[in-house]
Amino acid sequence: MAELHADARLVREPFTDVAHQRAAVSLGMWVFIAQEVLFFGVLFVWYGLFRAQHPDVVAAGGRALDVPLATVMTVTLLVSSFTMVLAVRSAMLGARRGLAGWLAATGLLAVAFLAMKAWEYHHHIAAGEVPVVDLHAASSVVEAGRAQFFGLYFVMTGFHALHVVGGVLVIAWRALAAARGRELPRWTAIMGLGLYWHLVDVVWLFVFPALYLAGHA
Amino acid sequence: MNTTARTPSGAHRFWGTLRAWLTTKDHKKIAVLYLLTITLFFVIGGVIATIMRIELAGPGEDVVSAEAYNRLFSLHGVIMVWFFLIPAVPTVLGNYLIPLMIGAPDLAFPRLNLASWYVFVAGGALTLVAMVTGGVDTGWTFYTPYSSTFSQSHVVLTVCGIFLAGVSSIFTGLNFIVTIHKLRAPGLTWFRLPLFVWTHYATSIILVLATPVLGMTLLLVLIEHAVGIGIFDPAYGGDPLLFQHFFWFYSHPAVYVMILPGMGVVSEVICCFSRRRIFGYRFIAWATLAIAVFGFLVWGHHMFVSGQSYLASLVFSVLSYLVAVPSAIKVFNWLATLYGGAIRLDTPMLYVLGFIGLFTVGGVTGVVLATLAVDVHLHDTYFVVAHFHTIMVGGMVMAYLAGLHFWWPKMTGRRYDERLGRLGAVLVFVGFLLTFLPQFILGYQGLPRRVATYDERFHLLQVMSSAGASVLALGYLVPAVALVKSLFGKAEPAGRNPWGATGLEWQTTSPPPAENFLAQPVVTGDAYDYPNAPAPVAARGGAHG
Ligand SMILES: [Cu+2]
C-alpha cells in the first residue's frame, strides 16, 4: 500500500498529528460500536426469549418471509461493505476521485437494499401480515402468534433499516464533499464512517438468520 | 453590562457573546452551559418535591388530588434522575476538570461535547413540554401496563425526552473514554491519574454500556404505546417482566453513574483537606472498576416481588451483597486517609464528611434491602425512598456541592464567602437528616410509597419529614447565594491554587486560559503528593483551623 495521506490540515484540535487522531477516532468508533451492540442486544434478547417460549411461532413466521429476496439483500450489503473498504483506502491515500466514486457505489448499494426492504414491507402489509394488535377485535387474551412474530420482524429490521438510512445520508454528504473537491478528504472521518458501515452490515448478518432462516432447518 | 446593553453596540456585543457561548467548543464553557441547565432542572425537581412534601403534611388529599400527586412524583423522579443526578457531576465537573487534570487542551471530540449539550437541552425541553401539558403518571420507571394500556398521560413525549438525555449521556461517556485513553500528558500513567478521573472513566463505561439498553427499551415502550405492538404489555401479548429486566439492567448501573463521580470528588477533597496522600490508591482505583462491573450483575434485586424465579432472586441478593464490598473498601480508605491528617474543615470538606456518613447509612440500608426476606416486607415502602435518597441526596448531591465549592475558585477565579459556604453545608446535612430519618421509620412501619394519602398514625412522622424538607430547601439556597455572590462586586481573587492542592488543574491560572495550559505539562509523580504541596491560602471570610 502506498503512503498514508498525512497532511497537517487533516488534523483537528486537540490532536497532535494524524496518527494520534486516527487512534482516537478509531477508539471512539469502537466505543460507539459497543453501545450499538447493546442497543441491538435488547432486540436480540427479546427475540431469544420469544423464540425460546414459542419456537413454533417463530418457525412458522420465518417460513412466511421471503428468503430469496433477503439473500439478495444480504449480498447487496456485503458488496457495499467491500466498496466501503475501497472508499476508506482511497481516502487514506488522498485519492479524492476514488473516494467519491467508491462512496457513491456504497451509497447506491445501500439505497438498493432500502428499496428491496420497502418492497418487502409493502408486500407484508398488503398481505395483512402486520404486528398491530386490535384489542377491541380480539378476545381479552392475545395468543402469541403471527402478530407477535411480525412485531419482532418489523422492529428488528426497522431499526436496522434506520441505521442504513443514517449511513446513506452521511455517505451521500461525504461523497458530494469529495466530488466537489473543495476540501481534502479527512480520512480519519471516512475510516470512522467505514467502521459504522461494517457494523450495520454485521447487524444484518445476525438479523437475517434469526428471522428469515428460522423454520428452514 | 447593563449600561452598555442599551446602546446598539452594546446589544450587538450581547448577541455576539451569546453566540460565542452557544457555539463554543471549549470544554470549560460547555461545562458552564451544563451547570446552568442542570441547576434549572434541580430547581424544577425541587419545587415539585416541595409541593409533594406540603401535600404529605396532611393525611388526606389536602393540596393536590391523588391523580395530580401521581404526576408529581413521576415528574420529580424523571427530572431528578435523568436531568440532574445522572448528568450533574460528569457534565459539569467532569467536563470542566478531566482535560485539566490530565494536562490536555480539551476533550477528544469538542464538537461532540457541544452536541451532547444541545441534545440534552432538546431532551429536557421535550420533557418540560410534556410536563406543562399534563405530565406522566407512570412513575419514573414507566412500568407496563402503566405506560401502555392504562396510560392517560404524555408517555410518548416524556420517553422521547429521556431518550435524548440518554443519547447525550452516551456522547459524554464516549468522549471521556477516548480523552482519558488518548490525551493524557506525558508521564501521566494510569496509576498516576487522579481518582476523580478514574471514577469518571468507570462512569463512562457504564454510561456507554447501560444507556443504550434504556434507550432501546424506551423506544420499544414508545412503539408499543403508539402503534399497538405486543412487546411488554400482556394485553397485547407482551412480557411485562422483560421490561423490568431491561429497565433495571440500565437503572441499577445508573445508580453508580450517579454516585461514582461523587466518590471521585470525595477522594480529591479528602486528601486536600487532610493534607495526606490517599490511603490505598490502587485499592480505590480497582474498587471503582469493580463497582462498575458488579453493578451490571445485580439488577434483579429490584424484582424480588415481581415473580422472577426464587433462584434468580437468591443469586441477585447474594450478588448485591458483593457490591457492598468495593463500596466499603472506599469508605475505609477515606477514613484511613483522614486518620492522622491535618484536617481543615473548609466548606468542601464539610460536605465530604457529610457524604461519608450518609453514604455509609445509605449503603448499609441498601444491604438491608438486598436481603431477600426483608425486602419482601420493605419493598415499595418509604424505607426504599429513604434509602435511595440517602445515597442520592445525602451522597451524590453532597458530593456535587463539595466539588462545586472546591473547584469554584478554579472555574471563576474568585473565592466565595467561606462562612456562608459552611453554613450551607451544615444546613444541608441537618435538613437531610430531619427529612429522611422519619421516612426510614415510616417505611419500617409499612407506609407504602407513591400514595398521596395515609393513615392518621403516620401523621407525626410525615409532618417531621416535611418540616425537615423546609430546612433542606433553605440549605440549598445558602450555597447558591454564597457562590453567586462571589461573582459580583469585589470578590477575593482565587489565585492559582487557593487550597494548596496537588493536581495539574491547580497549576494553571484561575480560570484557565482557552488552551488550558500555556506549555504542555509533564507529570513525574503520583497525584496526591501532599507532603510536598504548597500551603493553602486562607480566605478572608473565615479562619482555618
Ligand atoms: Cu439496584
Query raised in the report: Classify the protein assembly as shown: rounded, prolate or oblate, from the alpha-carbon gyration tensor (a ≥ b ≥ c, eigenvalue square roots; a/c under 1.5 rounded; otherwise prolate if a/b is larger than b/c)?
Result: oblate
Report summary line: Contact order relative to length for chain A, counting C-alpha pairs under 8 Å separated by 6 or more residues, stands in percent at 35 percent
Report task. Within 10 Å of each Cβ in peptide A:33-43, how many partner chain Cβ atoms are there on average? Round it to a whole number, please. Result -> 6
Report task. Note down the accessible area of B:Arg449, probe 1.4 Å, to the nearest 10 Å². Result -> 50 Å²
Query raised in the report: How large is the accessible surface per residue of chain B, computed with a 1.4 Å probe and reported in Å² as a whole number?
Result: 36 Å²
Requested in this report: Would you mind pulling out the separation of the Cα centroids of segment B:225-297 and segment B:453-497, in Å?
Outcome: 27 Å
Query raised in the report: Once you charge only the Cβ atoms, +1 for Lys and Arg and -1 for Asp and Glu, what is the size of the charge dipole of the protein assembly as shown about its Cα centre, to the nearest 20 debye?
Result: 2720 debye
Query raised in the report: Once Lys and Arg get +1 and Asp and Glu get -1 on their Cβ, which of A:Val72, A:Gly41, B:Ala527 lies farthest toward the positive end of the dipole of the protein assembly as shown?
Result: B:Ala527
**Report entry** Difference of contour (0.36 nm per residue) and Cα-Cα distance, B:Thr509 to B:Ala373
**Finding:** 43.4 nm
Query raised in the report: Straight-line reach from B:Lys29: which lysines have a Cα under 24 Å away, not including same-chain ones fewer than 8 places off?
Result: B:Lys182, B:Lys410, B:Lys485, B:Lys490
Report task. Would you calculate a helix-derived [θ] at 222 nm for chain B, using -39,500 (n - 2.57) for each DSSP H run of n ≥ 4 and dividing by the full residue count, to the nearest 500? Result -> -21500 deg cm²/dmol
Query raised in the report: Dipole size in debye (nearest 20) for chain B around its Cα centre, Lys and Arg Cβ +1, Asp and Glu Cβ -1?
Result: 2020 debye
Requested in this report: Using a 10 Å cut-off on Cβ to Cβ distances, tally the other chain neighbours for every residue of B:232-238 and report the average as a whole number.
Outcome: 6
Query raised in the report: What size of dipole, in debye to the nearest 20, comes out for segment A:66-217 about its Cα centre when the only charges are +1 on Lys and Arg C-beta atoms and -1 on Asp and Glu C-beta atoms?
Result: 980 debye
Query raised in the report: Once phi is turned into θ = phi - 60°, what whole-Hz ³J(HN,Hα) does the Karplus curve with 6.51, -1.76 and 1.60 give for every residue of segment B:474-482, x standing for Gly and Pro?
Result: 4, x, 6, 5, 4, x, 4, 5, 4
Report task. Compute the relative contact order of segment B:465-545 as a whole-number percentage, counting only Cα pairs closer than 8 Å that sit 6 or more residues apart in sequence. Result -> 32 percent
Query raised in the report: When only the heavy atoms of the protein chains count and the probe is 1.4 Å, how do B:His389, B:His200, B:His377, B:His225 rank by accessible area, highest first?
Result: B:His377, B:His225, B:His389, B:His200
Query raised in the report: Between segment A:188-206 and segment B:68-131, what's the alpha-carbon centroid distance in Å?
Result: 28 Å
Query raised in the report: Between B:Val364, B:Phe406, B:Val384, whose Cα lies farthest towards the positive end of the dipole of segment B:349-430 when Lys and Arg beta carbons carry +1 and Asp and Glu beta carbons carry -1, centred on the Cα centre?
Result: B:Phe406
Query - With all protein chains modelled, accessible area of A:Glu13 [1.4 Å, Å²] - result: 140 Å²
**Report entry** In segment A:164-217, the trypsin sites (Lys or Arg not before Pro) that fall in loop regions by DSSP, at most 12 other Cβ within 10 Å
**Finding:** A:Arg182
Report task. Compute the relative contact order of chain B as a whole-number percentage, counting only Cα pairs closer than 8 Å that sit 6 or more residues apart in sequence. Result -> 17 percent
Query raised in the report: How much length is gained on full extension from B:Val481 to B:Gln445, taking 0.36 nm per residue of separation minus their Cα-Cα distance?
Result: 9.1 nm
Report task. Assuming a ≥ b ≥ c are the square roots of the Cα gyration tensor eigenvalues, decide whether segment B:438-519 counts as rounded (a/c under 1.5), prolate (otherwise, with a/b larger than b/c) or oblate. Result -> prolate
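The values are calculated or read from the model by the stated rules, or taken from the named source; none is laboratory data. Everything numeric in this text was worked out from a predicted model, so none of it was measured. With ideal geometry, Cβ positions are generated from the backbone for all residues, glycine too; neighbour counts draw on all protein chains shown. Note: areas computed on protein heavy atoms with side chains; ligands, DNA, RNA excluded. Shrake-Rupley method; radii C 1.70, N 1.55, O 1.52, S 1.80 Å.
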